[in-house]
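*Asks:* If you scroll down you'll find the structure; I have some questions about it.
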Amino acid sequence: MAFEILPTLKKYFGYDTFRADQENIIKDVLEAKDALVIMPTGGGKSLCYQLPAIHLPKTTLVVSPLIALMKDQVDSLRANGISAAYYNSTQTAEEQNAIVERVVKKDIKLLYIAPESLGNIQFLLNYEYIDCIAIDEAHCISSWGHDFRPSYQNLGFLKKQLPNIPIIALTATADAATREDIVAQLHIPNAKRYLSSFDRANIYMEVRPSDKRVQQIIKFVKKRPDYSGIIYCLSRKSTENVAKKLVDAGFSAEAYHAGLQPEDRETIQDNFIQDKTKIICATTAFGMGIDKSNIRFVIHFNMPKNIEGYYQEIGRAGRDGTAAEALLFYSYADIIQLERFMLGAANEEMQRSKMERMKQFAEATSCRRRILLNYFGEISEKDCKHCDVCLNPPSFIDGTLLAQKALSTIYRVREKEGVHAIVDILRGAKNQHTLENNYASLSTYGIGREVSWRDWQHYLIQFINQGLCTIAFHKDNHLELTHLAHDVLFKGLKIKVTEPITKRRKTPLPIRESVKKSYDEALFEKLKEVRLAISKEQNLRPVSLIFNDASLKDMAAKKPTTTSEFLKISGVIQHKLNLFGRVFIEEIKNHVSFGKADTYQKTLLLHKKGKTIEEIALKRKLHETTIYSHIAKLYEENKIDSLDAYISKSEIEKIREASKVLETKEKLKPYYDYFEEQVPYHIIRLGLTILNKKEA
Ligand SMILES: [Zn+2]
């Protein structure tokens, strides 16, 4: 390898070492070999083509379907001093032409382009201008993938047209079938497959039945005060409902969905990143491209359509590597709704089978992590001991009699009722529906009274899963019997079911956000404020364009006070040091000297920053009276020039008059009594300080 890639890593990205497979992938690309990279979000995927692009003389083409994120990606490269641009339908013809010109002049290292726009730049697609092609979100090419996009279907022409240019295909999630489909469709059969582990061991996974979801959520967040979390909902309306309920219960929460104004979305996102809002109730779009490492929980209010989506969403929790939780609520109502969405879709079959796998995950009676890893082709032989199933292994009981009761009820209503009505009949419910249909006259009416509503639902799901009955989604979700039901009812077929989950199930204790932090939390908070101020002043968004959380934490740990020390911080490059270094170093210096200062100096530092007495008291967790006594002492020692801000001339005069009568200029109480409690102590103190100082 002729290139020295490590110095490039430090110079443009600010890191000292590569992560996982990054180095090998980069070498492959630089040797013009094709590659397929499967790396979880946050794993450092984009570096795999961004770094080689710096070394390659021409332009690296980056095909990406996410027009909304293109600008962020390009901004972030530019912030690192790398020339980059994007080309898509949101631009004017003039803007597009200017970009093409720059590619011709070899002035652009990375060009992001939407697949639909490739046709417009045909004349650039040759060896003269392009020397590498990256296909981001490569799973979109496959109709086997969870997010198929027709515009990706034609990308196969790239390899045919430019056989000597390396293609690097990247995605965060793809099962085995999708992976092979990507390679086949892009015509890169020899691409080396780089598969990072999908295991996010720090995330505890749990699935619960979805009755009284909102109450369950409120209970959950109560036990986790001040934790950051995302609650994913299927509809805009539920995001708003859940957020409102949380706010009503006293939590800091906001709803986020595509129906909001862009400015509002931006504010909500900022507040979340800055920890001003703790919980966001969002539709699935939220969280993409967000750099927030301390999200402690992700809750799914509804079941996601597939495992890929679920995995991507829970992956936004615990990026800092410390304990995080993923809680999924599961109900048949959700399945029915998802079924409805899928009806008539081009790849309905595919979507249905992916949802089937998601359902199996939700209903699992064995380790959930193994199921998840298995799904992505990572065979794990050991149970994780860190999911709800591992902590509460199910016990099986004979369910034959229960099955007979349920199945014969389905038979008696001529397969014309869904789960809800069947349970009502079994429990002998006296509601309008059972009365109107005269169900009380059925011989099975009330024969399952001893089993709770929730437990019946639990059993029925298992009967469905075991193939004793099915849900006829096209017939109002009625339950229909299968030939196995016949065997249970008439041929003595025995059925086993898992016991319903008892009330007292084991869950890991909510772990405080890393018991011991390796960085100075107060400094981290201050640095975040500095970052936000710069972001607003210079209109730099997202804030990670300045420095990301990981860099700020490293600063808060190492506390660099010189430029050379600052340059050693992870993610800091010379370019950014020049732009922002001074302000951050200044803040760190202040913080360090503040830490060493005695109590008077601390008050003085805050006073100099223009803070009010109230603010200083709040910040220092001291009483206001104490802060006034500090101020008085600092004035005495000539560290503060004037007390004009706190006491008026007439007040001083009043105290001077009193001092002539009272014979003391030290004790405050006689003055307080003299003024009949109408002048507060702190004014008396300040007044006497001024008088004494003048006399001295
Ligand atoms: Zn497990």
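*Asks:* Only residues in region 321-347 that are closer than 28 Å to ARG454 by Cα and modelled with pLDDT of 85 or more count as the first member; pair them with residues that are of a type in the set (Ser, Thr, Tyr) and in a helix (DSSP H, G or I), Cβ under 8 angstrom, at least 6 apart or cross-chain, and list the lot.
*Replies:* So the pair list comes out as LEU328/TYR310.
*Asks:* Still on this model: Report, by residue number, each residue of region 296-320 that is farther than 30 Å from PHE341 by Cα and either at pLDDT 90 or above or touching a Phe, Trp or Tyr at 6+ places or on another chain (Cβ under 6 Å) (or both). Break it down stepwise before answering.
*Replies:* Here is the first cut: in region 296-320, the residues farther than 30 Å from PHE341 by Cα are 296, 318-320.
Listed by number, the list holds a single entry, ARG296.
*Asks:* Hey, can you tell me all the residues within region 548-580 that are farther than 20 Å from PHE18 by Cβ and not in a helix (DSSP H, G or I)?
*Replies:* Answer for region 548-580, where residues must be farther than 20 Å from PHE18 by Cβ and not in a helix (DSSP H, G or I): LYS559, PRO560, THR561, THR562.
*Asks:* Scan region 263-274 for residues that are under 21 Å from VAL221 (Cβ atoms), surrounded by fewer than 17 Cβ atoms within 10 Å (Cβ to Cβ) and touching a residue at least 60 places away in the same chain (Cβ under 8 Å) and jot them down. It would help to see each step written out before you state the result.
*Replies:* Here is the first cut: in region 263-274, the ones under 21 Å from VAL221 (Cβ atoms) are 268-269, 271-274.
Imposing the further condition that a residue be surrounded by fewer than 17 Cβ atoms within 10 Å (Cβ to Cβ) reduces the set to 271, 274.
Matches in region 263-274: GLN274 only.
*Asks:* Test LEU442 against the criterion of being under 16 Å from LEU489 (Cα atoms) and assigned by TED's automatic domain parsing to the domain that holds ALA485, and give yes or no.
*Replies:* no
*Asks:* Taking the residues in region 374-400 that are without any contact (Cβ under 8 Å) to a residue 60 or more places away in the chain and on the phi < 0 side of the Ramachandran plot as candidates, determine which candidate is nearest to the ligand (Cβ to nearest atom).
*Replies:* As a first pass, look at region 374-400 and keep what is without any contact (Cβ under 8 Å) to a residue 60 or more places away in the chain: 374, 379, 381-383, 385, 389-390, 393.
Okay, now just the ones that are also on the phi < 0 side of the Ramachandran plot, so 374, 379, 381-383, 389-390, 393.
Numbers: ASN374: 12, ILE379: 15, GLU381: 12, LYS382: 9, ASP383: 5, VAL389: 6, CYS390: 3, PRO393: 10 Å.
Applying the filter and picking the extreme gives CYS390.
*Asks:* Something else now. Mind counting the residues in region 643-670 that are in contact with a helix residue (DSSP H, G or I) (Cβ under 8 Å, 6 or more places away or on another chain) and outside any helix (DSSP H, G or I)?
*Replies:* 7
*Asks:* Just for helices (runs of 4 or more DSSP H) wholly inside region 6-99: which have at least 2 residues that are within 22 Å of TYR129 (Cα to Cα) and in contact with a Pro (Cβ under 6 Å, 6 or more places away or on another chain)? Explain how you work it out, then say what you get.
*Replies:* Working: elements: 22-30, 47-55, 67-79.
Qualifying helices (runs of 4 or more DSSP H): 22-30.
*Asks:* For region 374-412, what are the residues that are in contact with a helix residue (DSSP H, G or I) (Cβ under 7 Å, 6 or more places away or on another chain) and of a type in the set (Lys, Arg)?
*Replies:* Once the filter is applied, which keeps residues that are in contact with a helix residue (DSSP H, G or I) (Cβ under 7 Å, 6 or more places away or on another chain) and of a type in the set (Lys, Arg), region 374-412 yields only LYS405.
*Asks:* ASP147 fails exactly one of the following numbered conditions: (1) of a type in the set (Asp, Glu); (2) in a helix (DSSP H, G or I); (3) within 29 Å of MET39 (Cα to Cα). What is the number of that condition?
*Replies:* Unmet for ASP147, out of (1) of a type in the set (Asp, Glu); (2) in a helix (DSSP H, G or I); (3) within 29 Å of MET39 (Cα to Cα): (2).
*Asks:* Separate question: Right, HIS433: under 20 Å from ASP476 (Cα atoms) and either surrounded by fewer than 19 Cβ atoms within 10 Å (Cβ to Cβ) or within 16 Å of the ligand (Cβ to nearest atom) (or both) or not?
*Replies:* Working: under 20 Å from ASP476 (Cα atoms): yes; either surrounded by fewer than 19 Cβ atoms within 10 Å (Cβ to Cβ) or within 16 Å of the ligand (Cβ to nearest atom) (or both): yes.
Yes: the conditions hold for HIS433.
*Asks:* Go over the candidates TYR310, TYR332 one by one and state the one that is more than 15 Å from the ligand (Cβ to nearest atom), closer than 30 Å to GLN432 by Cβ and surrounded by 14 or more Cβ atoms within 10 Å (Cβ to Cβ). Before the answer, list the steps.
*Replies:* Numbers: TYR310 fails: closer than 30 Å to GLN432 by Cβ.
Only one candidate qualifies: TYR332.
*Asks:* Filter region 218-235 for residues that are buried (at least 17 other Cβ atoms within 10 Å of the Cβ) and either in contact with a Ser or Thr (Cβ under 7 Å, 6 or more places away or on another chain) or in a helix (DSSP H, G or I) (or both) and give the result. Explain how you work it out, then say what you get.
*Replies:* To start, the set of residues in region 218-235 that are buried (at least 17 other Cβ atoms within 10 Å of the Cβ) comprises 218, 220-221, 224, 227-234.
ILE218, PHE220, VAL221, TYR232, CYS233 - these are the residues of region 218-235 that are buried (at least 17 other Cβ atoms within 10 Å of the Cβ) and either in contact with a Ser or Thr (Cβ under 7 Å, 6 or more places away or on another chain) or in a helix (DSSP H, G or I) (or both).
*Asks:* Would you point out which residue out of PRO65, PRO57, PRO52 is within 25 Å of the chain's Cα centre (by Cα) and touching a residue at least 60 places away in the same chain (Cβ under 8 Å)?
*Replies:* Details: PRO57 fails: within 25 Å of the chain's Cα centre (by Cα); PRO52 fails: within 25 Å of the chain's Cα centre (by Cα).
Every option except PRO65 fails the conditions.
*Asks:* Of LEU162, LEU155, which residue is at pLDDT 90 or above, within 20 Å of ILE26 (Cα to Cα) and buried (at least 16 other Cβ atoms within 10 Å of the Cβ)? Step through it out loud before you land on a result.
*Replies:* On the way: LEU155 fails: within 20 Å of ILE26 (Cα to Cα).
After ruling out the rest, the residue left standing is LEU162.
*Asks:* Could you grab me the full set of residues in region 230-262 that are without any contact (Cβ under 8 Å) to a residue 12 or more places away in the chain and small (Gly, Ala, Ser)?
*Replies:* Selection gives GLY250 alone.
*Asks:* Just the residues that are hydrophobic (A, V, I, L, M, F, W, C) and under 21 Å from ALA176 (Cβ atoms), please, taken from region 113-154. Let's see the steps before the verdict.
*Replies:* Here is the first cut: in region 113-154, the ones hydrophobic (A, V, I, L, M, F, W, C) are 113-114, 118, 121, 123-125, 130, 132-135, 138, 140-141, 144, 148.
Across region 113-154, the qualifying residues are ILE135, ALA138, CYS140, ILE141, TRP144, PHE148.
*Asks:* While we're on this one: For GLU381, work out the one condition from (1) over 24 Å from LEU195 (Cα atoms); (2) outside any helix (DSSP H, G or I) it doesn't fulfil.
*Replies:* Among (1) over 24 Å from LEU195 (Cα atoms); (2) outside any helix (DSSP H, G or I), the lone unmet condition for GLU381 is (1).
*Asks:* From the list SER117, SER46, SER76, SER89, pick out the single residue that is loosely packed, with under 14 Cβ neighbours inside 10 Å and not assigned by TED's automatic domain parsing to the domain that holds ILE314.
*Replies:* On the way: SER117 fails: loosely packed, with under 14 Cβ neighbours inside 10 Å; SER46 fails: loosely packed, with under 14 Cβ neighbours inside 10 Å; SER76 fails: loosely packed, with under 14 Cβ neighbours inside 10 Å.
After ruling out the rest, the residue left standing is SER89.
*Asks:* Another question, if that's okay. Can you pull out every residue in region 354-373 that is within 12 Å of the ligand (Cβ to nearest atom) and either within 22 Å of ALA324 (Cβ to Cβ) or outside any loop (DSSP other than H, G, I, E, B) (or both)? Walk me through how you get there before you give the answer.
*Replies:* Here is the first cut: in region 354-373, the ones within 12 Å of the ligand (Cβ to nearest atom) are 361, 364-373.
Result: PHE361, ALA364, CYS367, ARG368, ARG369, ARG370, ILE371, LEU372, LEU373.
*Asks:* Please work out which residue is farthest from the ligand (Cβ to nearest atom), limiting yourself to region 197-209 and to residues that are crowded, with 19+ Cβ neighbours inside 10 Å and either among the aromatic types (Phe, Trp, Tyr) or assigned to a loop (DSSP other than H, G, I, E, B) (or both).
*Replies:* Only one residue fits best here, namely PHE198.
The values are calculated or read from the model by the stated rules, or taken from the named source; none is laboratory data. Quick caveat: nothing in here was measured; it's all calculated off a predicted structure. Quick reminder, even Gly has a Cβ in these numbers, built from the backbone with ideal geometry, and neighbours come from all protein chains shown.
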